[in-house]
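In what follows, a structure is listed as structure tokens, so that the remarks can point back to it.
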């Protein structure tokens, strides 16, 4: 069983946008009438500006023809249902309205559906009787236009988008995940410092012996945070207790650990502090007695006389007062 597709006729029809359009009629022939088809499709390049048949009902060869064209698809199909007479003879005609400018190497493919509504199956066919069969062939047909001439808007909308790292402006993608060596050094130093600090804190309260070289952190530890002698003594008293009741430890009674620590600190202070000395008191008394000696009185009188002499020279009105003051100082 073989199938043949040939160009039967090309007839000028009309002008659209100053471009002549022709009706291209193709003949599809089956060598066996038993191989009937309910619907036939011819596939053409999507770049060929084929007019939709429903827009031109006045053209008789286009009656019953449909144009199947999906957005973004590379192939468009011209489809028509067959008639009973065509099925008996095994010869079918498919017409389409396209620009009259032709091309001897127009790609074409053939698909049929044996039952209406069934899925279309591609067929191997030839372009002449006894020719080489293939799923696609080249025949004389309408010339394919450039993509910009078919639909300039679609061509602009389908332009490829540059990758983010290739944009001429903005932040480049490789720089977002970049990390400097200085940042790595700072992070390593911070991690090391924290690990060392944690190790020191654990070592301070860990019980390590020769039998148990690995430190075991005690559940609780009493540490003085006041910085006072009473606080240190209190921490030493209560550190060995298994259960620490702080209300009892800081109680106001004389038997509480706080009172005991205070007594120990005061006793130690009394033992370490020497008693007051009488020599210092005697020296203070002797120093006070030296204030009223005759030599000090003479020195005070001479200072007053000198003051009065200088004041009388500068301000004569003060001479009488200064003389009276000096006399009282000399007699006193």
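Summary of values
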item	result
Single match in 70, 81, 104 (criterion: in the same structural domain as residue 37 (by TED's automatic domain parsing), surrounded by fewer than 16 Cβ atoms within 10 Å (Cβ to Cβ), more than 22 Å from residue 133 (Cα to Cα) and touching a strand residue (DSSP E or B) at 6+ places or on another chain (Cβ under 7 Å))	81
Within the stretch 132-141, tally of residues that are part of a loop (DSSP other than H, G, I, E, B) and surrounded by 13 or more Cβ atoms within 10 Å (Cβ to Cβ)	1
Residue under evaluation residue 53, criteria (1) under 23 Å from residue 137 (Cβ atoms); (2) at pLDDT 90 or above, criterion not met	(1)
Condition met for residue 46 (buried (at least 18 other Cβ atoms within 10 Å of the Cβ), modelled with pLDDT under 80 and within 18 Å of residue 110 (Cα to Cα))	no
Some residue of the stretch 203-226 being outside the structural domain of residue 246 (by TED's automatic domain parsing), outside any loop (DSSP other than H, G, I, E, B) and modelled with pLDDT of 60 or more	yes
Members of the stretch 110-130 that are touching a strand residue (DSSP E or B) at 6+ places or on another chain (Cβ under 6 Å) and in a strand (DSSP E or B)	110, 111, 112, 113, 122, 123, 125, 126
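The rows are residues; the columns are (1) under 60 Å from the mean Cα position of the chain (by Cα); (2) outside any strand (DSSP E or B).
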position: 41; (1), (2): yes, no
position: 48; (1), (2): yes, yes
position: 54; (1), (2): yes, yes
position: 58; (1), (2): no, yes
position: 67; (1), (2): yes, no
position: 80; (1), (2): yes, no
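The values are calculated or read from the model by the stated rules, or taken from the named source; none is laboratory data. This structure is a prediction, so every number in the text was calculated from the model and none was measured. We place every Cβ from the backbone using ideal geometry, glycine too, and count neighbours over all the protein chains shown.
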